[in-house]
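Below is one structure, written out as structure tokens; comments come after it.
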Amino acid sequence: MGKRNRPRTEAEIQADKARTGRPPKAKAKKQSVHITVHLTPAERERLGKLAQEDDLSLAALIMRPWRKEKEPD
């Protein structure tokens, strides 16, 4: 596809604005910090099995103890 030799039309600009994408996350769901954890293959496999049994992601399984502390009883 070659380079355009004309400016974008108003209809093209409006169509771009109307395009949908991934909706924004709620502020409470946004993650602002990444932490790297090094695991042995055996640890990764064990945690993966535990996460799969509870139908959770590996990150959710690892964060569960800290997230439970915040929940009111």
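Among the residues of region 15-46, those that are assigned to a helix (DSSP H, G or I), surrounded by 10 or more Cβ atoms within 10 Å (Cβ to Cβ) and either of a type outside the set (Gly, Ala, Ser) or touching a strand residue (DSSP E or B) at 6+ places or on another chain (Cβ under 9 Å) (or both) comprise Glu43, Arg44, Glu45, Arg46. A residue that is at pLDDT below 95, surrounded by 10 or more Cβ atoms within 10 Å (Cβ to Cβ), of a type in the set (A, V, I, L, M) and assigned to a loop (DSSP other than H, G, I, E, B) occurs somewhere in region 47-70.
The values are calculated or read from the model by the stated rules, or taken from the named source; none is laboratory data. Fair warning: this is a prediction, and the values are worked out from it, not measured in the lab. Quick reminder, even Gly has a Cβ in these numbers, built from the backbone with ideal geometry, and neighbours come from all protein chains shown.
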